[in-house]
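What follows is a short report on a single structure.
The values are calculated or read from the model by the stated rules, or taken from the named source; none is laboratory data. The structure presented is a predicted model; accordingly, all values stated were derived computationally and were not measured. Here the Cβ positions follow ideal geometry from the backbone for every residue, glycine too, while neighbour counts run over all protein chains shown.
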Amino acid sequence: MRTVVINLTRFGDLLQTQPALSGLRARGSRVDLVCLDAFQGAASLLSDVDRIFPLPGARFLAGLDAHWPSAVADFASWTVQAQDPMPARVLNLTPTLPARLLGRVLGQNGDGGFGLDAFGFGQHSSPWAVFLQAASAYRGCSPFNLVDVFQRVAGLDPGPFALKAPDREAQICAGSLLEGLHGPGLVALQLGASQGARRWPVAAFARAGGVVWEKTGCTPVLVGSAGEAHLGLEFARLAQYPFRDLIGRTDVPTLAAVLLRARLLLTNDTGTMHLAAGLGVPVAAVFLATAQPFDTGPYLEGSISLEPDMACHPCSFGQVCPNGMACQRRMDPEAVGLFVEGFLRSGDWTVPPGLGARVWQGRRDGYGFMGLVSLSGHETEDRSRWVSVQRDVYRQFLDQKPVGEMVGQSWPCGQFKRRLKQDLQRGLLLLALVQEQGRLLTMNPGAPVRKKFLANCQNVQDFFAGSPALGALGPMWNHQAQDHGRDMAMFLGLCGRYSELLRVFQQCLGLA
């Protein structure tokens, strides 16, 4: 069987499909990959891929402006190559409309992930696919690492994340770039990030790197894209110790070869972080602003994720920071340097005083999913408890299994718990109302209650979407209610399933 996997996302997200690709191959499938042509170099490091079809999206768009009939012919020619031989299955891991359209063009049988039905409406192959699209927009409602969600969307159990080693040419190039460095090794620093708000200040990196150099003799090596060259110049102005600036001087395979020579990568939340994790290189990653490690952290056991120890972190998308980006200044760079130095010296992570961070270490749970354990005593915070509860409950809910009885946690009744208690009670009342109105319509489809029933279905969606702790259920309910709306018995079963979910949440909070 042949499976064509579509991933039209960024560098890091593309790398994170590796376990899904390997899982498909282990099931005996031939695996071909469609990715954006800008990330063809990154795709070359993916294992268990038979062919790569780079999609020249920018060229197609430019062609539409110049002469659309030629652009359509160009696209048709590309699809003929990608359809040879015709795939038995298309697995689309990108929820955008262009990716859904592409999936429909390449094959319509056994589609997985994100697709379109015959009328052009979006469809999802499983509740995990719905959750993948829904949870990403809600901070605190994303308890699963993206790598694990990709695998569940593909219908696979969690597996290892192991990228392909770079080829000999990349290794030779890396050796040349690092020639002349002496001492006990090097520590890679990734100064850039996808957004300025997510970037730890260069001055902080410079101070942390200085501590590592003074305590261990390990040479900091700067890595990143050409667009981040100005960060290297700022680092050079601040650093009063030896370092090597490779920003903009490596392609992806050469970057991988450089990372394999490093004892550790200190980084922002970046594609480089995922590259290092997939190569098994120790990672210490900083998460600021909207970035959080529970869903986008490095998929590597033993890896370290650092968050500012602030009640406002992580902030919501589209929100203007009312605190002057204080999260960028919360963590003490010298303490971070000592934290890294301790690991390089002993192989263990010991949290130094005054770090100013929540410290999480990657560790698989009993079901094989990558989770985080606190090394800094933050496991009893409301957010930490709620993430833990969601992981246990949503895993069963999304696998469409009965959500079993949960043991109530010893959870102090603060503002978060009081708000969540109210939300759970209101959600159960709204679902009970919709169920009762649905039963009345079953007996009398023309009853006047029909308008109220439709309005309350929308009220359920609006309620979920407006709840900070349950927000991901809003878009999930919207999709599943529409999908089950063709059959009232199925719809009533869906209402019962969501009611069961909320009651189990109540049990977990000790409210039942």
In segment 85-104, anything touching a Phe, Trp or Tyr at 6+ places or on another chain (Cβ under 9 Å) and part of a helix (DSSP H, G or I) is listed as 99, 100, 103
Per the filter on segment 326-357, residues acidic (Asp, Glu) and either in contact with an Asp or Glu (Cβ under 7 Å, 6 or more places away or on another chain) or touching a residue at least 24 places away in the same chain (Cβ under 8 Å) (or both) are 332, 334, 341
In the set 345, 418, 385, the lone residue that is under 27 Å from the mean Cα position of the chain (by Cα) and not in a loop (DSSP other than H, G, I, E, B) is 385
Do we find that residue 180 is touching a Lys or Arg at 6+ places or on another chain (Cβ under 6 Å), assigned by TED's automatic domain parsing to the domain that holds residue 253 and more than 28 Å from residue 134 (Cα to Cα) in this structure?
no
Exercise. Mind checking whether some residue in segment 24-34 is surrounded by 21 or more Cβ atoms within 10 Å (Cβ to Cβ) and within 18 Å of residue 273 (Cα to Cα)?
Worked result: no
Got at least one residue in segment 265-286 being assigned to a loop (DSSP other than H, G, I, E, B) and over 30 Å from residue 170 (Cα atoms)?
-> no
Over segment 199-223, the set of residues touching a Phe, Trp or Tyr at 6+ places or on another chain (Cβ under 8 Å) and either in a helix (DSSP H, G or I) or at pLDDT below 95 (or both) is 202, 205, 206, 209, 210, 213, 214
Among (1) modelled with pLDDT under 95; (2) within 21 Å of the chain's Cα centre (by Cα); (3) surrounded by 21 or more Cβ atoms within 10 Å (Cβ to Cβ); (4) among the hydrophobic types (A, V, I, L, M, F, W, C), residue 20 falls short only on (1)
>> So, residue 470, is that one of a type in the set (A, V, I, L, M), out of contact with any strand residue (DSSP E or B) (no Cβ under 7 Å at 6 or more places or on another chain), surrounded by 19 or more Cβ atoms within 10 Å (Cβ to Cβ) and part of a loop (DSSP other than H, G, I, E, B) or not?
In response: yes
Taking segment 234-256 and the residues there that are in a helix (DSSP H, G or I), hydrophobic (A, V, I, L, M, F, W, C) and under 30 Å from the mean Cα position of the chain (by Cα), the one that is farthest from residue 267 (Cα to Cα) would be 252
Counting only residues in segment 475-511 that are outside any loop (DSSP other than H, G, I, E, B) and among the charged types (D, E, K, R), the one nearest to residue 411 (Cα to Cα) is identified as 503
Original post:
Within segment 212-230, is even one residue out of contact with any Pro (no Cβ under 8 Å at 6 or more places or on another chain) and without any contact (Cβ under 8 Å) to a residue 12 or more places away in the chain?
Top reply: yes
- Message: Looking for something assigned to a helix (DSSP H, G or I), aromatic (Phe, Trp, Tyr) and in the same structural domain as residue 103 (by TED's automatic domain parsing) - is there at least one such residue anywhere in segment 36-43?
- Response: yes
Is it the case, given these coordinates, that residue 423 is more than 21 Å from residue 133 (Cβ to Cβ) and modelled with pLDDT of 90 or more? yes
Within segment 442-454, residues surrounded by fewer than 16 Cβ atoms within 10 Å (Cβ to Cβ) and either hydroxyl-bearing (Ser, Thr, Tyr) or closer than 14 Å to residue 485 by Cβ (or both) come out as 442, 445, 450, 454
query = Is at least one residue of segment 316-330 within 18 Å of residue 18 (Cβ to Cβ), part of a helix (DSSP H, G or I), charged (D, E, K, R) and in contact with a Pro (Cβ under 8 Å, 6 or more places away or on another chain)?
reply = no
Checked against (1) surrounded by fewer than 14 Cβ atoms within 10 Å (Cβ to Cβ); (2) within 20 Å of the chain's Cα centre (by Cα); (3) of a type in the set (A, V, I, L, M, F, W, C), residue 99 satisfies every condition except (1)
Given the conditions (1) part of a loop (DSSP other than H, G, I, E, B); (2) over 22 Å from the mean Cα position of the chain (by Cα); (3) surrounded by fewer than 19 Cβ atoms within 10 Å (Cβ to Cβ), every one holds for residue 47 apart from (2)
Over segment 168-199, the set of residues over 25 Å from residue 228 (Cβ atoms) and charged (D, E, K, R) is 168
Residue pairs qualifying under the 6 Å Cβ cut-off, at least six apart or on distinct chains, with the first in segment 444-457 being part of a helix (DSSP H, G or I) and the second being of a type in the set (S, T, N, Q), are 449/437; 453/437
